[in-house]
Amino acid sequence: MVVIITPRIILWVRSAFKCLVKRLVARELTLSFVPDAEQRLWRTVTRKKYQLRRDRVRLQNQLEALLEEAHIKLSSLVSDLLGVSARRMLKALADGETNPAALAVLAHERLRATPEQLCDALGACTDLKPVYRQLLKMALEQLQLLEQQIGQLDQELATLLHPHQDAVQRLAEVPGLGVDSAQQIIAEVGPTAATFPSGEQLSSWVGACPGDEESAGVNYSHRSPKGNRHMRRLLNQAANAAVKVKGSIFEIIYRRSVPRLGHNQAIGAIAHRQCRLIWLILHQGTPYEERGPAVTKQSKYQRTWRMIRQLRSLGYKIESPNPQPSQAQA
């Protein structure tokens with residue numbers, strides 16, 4: 001493709017450049033958000049970890065397809081093909097075990113499938129070709145490598161965000177969020193969200209707000225802007241998880257709005273509310289306080305302990321919460 005630059009094009013570029021310079025001097029231009037070098041490093045680690053997790057899911061799908069091709073119906077009996085029971089059986093199968101009964105014994109005692117059902121699903125192991133065993137062994141080794149790399153990135157990110165431990169802890173308390181999602185949010189918007197003067201501006205930058213395509217007083221579309229796709233993914237996942245927390249305020253808002261808006265728009269409204277809540281927690285240091293009517297002290301205590309265990313596993317120093325309500329009364 002050949003581009004011919006004419007004098008008219010040169011004049012047009014010069015005039016457009018002068019116009020931009022005038023608007024910049026008059027402070028009429030809004031500069032793009034460019035994070036500092038430290039935050040860019042956080043983003044690199046979190047996005048690499050997200051890519052490794054996608055590779056793990058892709059590998060799991062390939063592993064399931066390989067088992068189906070070999071007529072091994074293990075995925076129909078276990079909820080997680082990469083869980084403890086399934087991984088034991090797959091490892092023994094890759095090492096050369098051919099007896100279905102011996103493989104079924106390796107399942108965890110709490111697995112719902114009976115030994116007879118497992119033997120029936122693993123019946124094709126007796127005639128399994130060596131090529132399938134080799135491919136299965138390669139997939140398990142690749143899976144182990146991915147999990148090791150994800151664990152290393154978890155520890156590295158926890159070390160980088162250790163000075164902002166309080167912000168991570170406050171965000172992780174929000175229903176639908178956790179320690180991992182809190183770290184990703186801080187990597188995207190910063191530990192204090194100082195770039196954004198208000199929660200509405202953060203929502204607009206993320207793209208978690210309704211669009212405003214208006215002409216001559218008529219609004220033609222409420223489609224949300226594109227925004228930051230990583231934050232949109234996090235908020236969408238957090239909103240879908242928050243509406244499933246029984247007794248939370250997000251569940252109440254979802255049940256109230258889903259008959260009128262539908263599932264997708266109701267989730268978008270929850271994500272918008274969570275985005276403004278994230279700005280309050282980071283920018284103003286406000287702790288989250290659940291105001292749902294059905295949330296008990298016992299459920300709050302259990303959720304707090306789960307979050308503390310996850311934070312401590314990453315190397316954060318967290319003080320123990322108050323005693324359990326039943327223990328305090330005793």
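The values are calculated or read from the model by the stated rules, or taken from the named source; none is laboratory data. Computed from a prediction, not measured in an experiment: that's the story for all the values here. Glycine also receives a Cβ, built like all others from the backbone with ideal geometry; neighbour counts cover every protein chain displayed.
Just for the range 98-154: of the residues that are under 36 Å from the mean Cα position of the chain (by Cα) and acidic (D, E), which one is surrounded by the most Cβ atoms within 10 Å (Cβ to Cβ)?
For the range 98-154, the residue satisfying everything is D154.
Anything in the range 223-271 that is over 22 Å from S204 (Cα atoms), not small (G, A, S) and not in a helix (DSSP H, G or I)? List them, or say none.
Within the range 223-271, V243, K244, V245, K246 meet the criteria.
Return yes when R87 is out of contact with any strand residue (DSSP E or B) (no Cβ under 8 Å at 6 or more places or on another chain) and modelled with pLDDT of 85 or more and no when it is not.
Criteria met by R87.
Determine which member of the set E200, E188, E147, E173 is outside the structural domain of P287 (by TED's automatic domain parsing) and in contact (Cβ under 8 Å) with a residue 40 or more places away in the chain.
Checking each option against the conditions leaves just E147.
Loosely packed, with under 14 Cβ neighbours inside 10 Å, touching a residue at least 60 places away in the same chain (Cβ under 8 Å) and not aliphatic (A, V, I, L, M): is that true of T159 in this structure?
yes
Of all residues in the range 245-258, which are more than 12 Å from E290 (Cα to Cα) and either in contact with a helix residue (DSSP H, G or I) (Cβ under 7 Å, 6 or more places away or on another chain) or not assigned by TED's automatic domain parsing to the domain that holds Q274 (or both)?
Answer for the range 245-258, where residues must be more than 12 Å from E290 (Cα to Cα) and either in contact with a helix residue (DSSP H, G or I) (Cβ under 7 Å, 6 or more places away or on another chain) or not assigned by TED's automatic domain parsing to the domain that holds Q274 (or both): I253, Y254, S257, V258.
Which one of these is touching a residue at least 60 places away in the same chain (Cβ under 8 Å) and in contact with a helix residue (DSSP H, G or I) (Cβ under 9 Å, 6 or more places away or on another chain): L111, L82?
L82 is the lone residue from the list that is touching a residue at least 60 places away in the same chain (Cβ under 8 Å) and in contact with a helix residue (DSSP H, G or I) (Cβ under 9 Å, 6 or more places away or on another chain).
If you take just the helices (runs of 4 or more DSSP H) that sit entirely in the range 1-111, which of them hold at least 3 residues that are assigned by TED's automatic domain parsing to the domain that holds Q144?
37-69, 84-94, 100-105
Name the one entry in R56, R87, R23 that is surrounded by 11 or more Cβ atoms within 10 Å (Cβ to Cβ), out of contact with any Asp or Glu (no Cβ under 8 Å at 6 or more places or on another chain) and within 23 Å of V131 (Cα to Cα).
Being surrounded by 11 or more Cβ atoms within 10 Å (Cβ to Cβ), out of contact with any Asp or Glu (no Cβ under 8 Å at 6 or more places or on another chain) and within 23 Å of V131 (Cα to Cα) holds for just one of R56, R87, R23, which is R87.
Among the candidates L261, L280, which residue alone is modelled with pLDDT under 90 and either under 24 Å from the mean Cα position of the chain (by Cα) or in the same structural domain as L234 (by TED's automatic domain parsing) (or both)?
L261
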